[in-house]
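What follows is a short report on a single structure.
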Amino acid sequence: MIGKSILTLIPEHLHSDEKTIIENVRAGRRIEHFETVRVTKDGSLIDVSLTVSPIKDEEGRVIGASKILRDISGRKRIEQSLLQSEKIAATGRMAATIAHEINNPLEAVVNLLYLLRAKITDDEGLRLLETAEEELGRVSHIAKQTLGFYRENAAATLASLSEIAEHALTIYEPRCVGAKIAVRKSLLSSTKLLVRRGEMMQVISNLIANSIYAMPSGGSLSVSVCDAANAPEGVVVTVEDDGVGIAPKDLPKVFDAFFTTKATVGTGIGLFVAKQFVEGHGGRISIESNTGSEKHGTIVRVFLPLQTAYL
């Protein structure tokens, strides 16, 4: 560092902080326990606590500064973990309240659809009505499944992920048409796994909805389901889009509870819950993304083993 600017240690977006620090030192003021971020030798960022004291000559003139920097990244991680735990606990209580409050109106709508069934005679109308009833049932589950505090009561059953993905695409097709999104599907796997169907429907639906949001000006959405090419045996669901992508700094946090890049419309629990459901089946979920001008978009892969956790 000898002969180099102190700005070498400061992230570019925080360079303005140094001007404030120097102004305080010149005025003879000491800065104590100023929490900020600094750059390490290998280029990574750490949380630090900074104390800066003016150095004065015999006549009281400021001739330099003494800086003490303490690494507080460990403490910050603990604080963040505690805050996360508190948020999750509070959300669990909130989820129970929401489930209770929406149950009555949901039951009323279900009953109305049941009465409507007798008045619909054509096959297409009955099919749409059945889909509406299934989605209402899923809404009820989603309220209870918030953050994974509620597990689906229905027993795991043999189901094809290709069929579940087909159903999810049918529901989101009107939104894709309206958003000028071309949908490509390759549902090649006929393998049936022992899964909780509602949970897998929620996982695939969330991934599709995220892709639609990432393509506000239209684009291409690809959904594929195939048998795993390599060991271990299982099925792979891939949802790919050519949307805006996820910034590299955000990518490691996408599965964290309450983290969202959707500004006011995101809750930050969709991918968190999806990860809980996938791992609860003994599977895994991964994500890749690019934000470049030439190559941009996101790929999410879900792997479920042939021998799921429910066997």
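The values are calculated or read from the model by the stated rules, or taken from the named source; none is laboratory data. Source: prediction; values computed, not measured. No Cβ is skipped: glycine too gets one built from the backbone with ideal geometry, and neighbour counts run over all protein chains shown. Side chains included, ligands, DNA and RNA excluded: accessible areas come from the protein's heavy atoms. Shrake-Rupley method; radii C 1.70, N 1.55, O 1.52, S 1.80 Å.
Side notes on the structure shown:
- The alpha carbon convex hull volume per residue for region 228-311 rounds to 102 Å³.
- Angle in degrees between helix 15-26 and the longest Cα principal axis of the chain, rounded to the nearest 10: 30
- Volume per residue of the convex hull around the Cα atoms, evaluated for region 269-311, comes out as 55 Å³.
- Acute angle (nearest 10 degrees) that the helix 73-117 long axis makes with the longest principal axis of the chain, alpha-carbon atoms: 20
- Members of Lys41/Lys67; Lys41/Lys295; Lys19/Lys41; Lys249/Lys295; Lys4/Lys41 lying beyond 20 Å, as alpha-carbon distances in this model show: Lys41/Lys295; Lys19/Lys41
- Unit charges at the beta carbon, dipole of the chain: most positive-side option, Ala228, Val52, Val183: Val52
- Contour minus Cα-Cα distance for Ser217 and Glu18 (0.36 nm per residue): 67.5 nm
- For q = 0.18 Å⁻¹, Debye-computed log10 I/I(0) when each Cα of region 167-311 counts as one equal scatterer: -1.10
- Rounded accessible area of Val254 (nearest 10 Å², 1.4 Å probe): 10
- Using a cutoff of 8 angstrom between alpha carbon atoms and counting only pairs six or more residues apart, the relative contact order for the chain works out to 11 percent.
- Reported to the nearest whole Å, the Cα centre-to-centre distance from region 179-241 to region 16-56 is 48.
- Shown for the chain: the carbon plus sulfur share of the solvent-accessible area, taken with all protein chains present and a 1.4 angstrom probe, equals 55%.
- In the full protein context, the chain carries 59 Å² of accessible surface per residue, based on a 1.4 Å probe and ignoring ligands, DNA and RNA.
- P(r) histogram, all alpha-carbon pairs of the chain included - 10 Å bins from 0, percent: 5, 19, 25, 20, 13, 9, 6, 2, 1, 0
- Taking only Cα atoms of region 6-72, radius of gyration then Dmax in Å: 12.7, 41
- Magnitude of the charge dipole for the chain, about its Cα centre and with charges confined to Cβ atoms of Lys, Arg (+1) and Asp, Glu (-1), is about 780 debye.
- Angle between the chain longest axis and helix 123-145 axis [Cα atoms, degrees, rounded to 10]: 40
- Ordering 130-138, 208-216 by mean Cβ neighbour count within 10 Å, with the highest value first, yields 208-216, 130-138.
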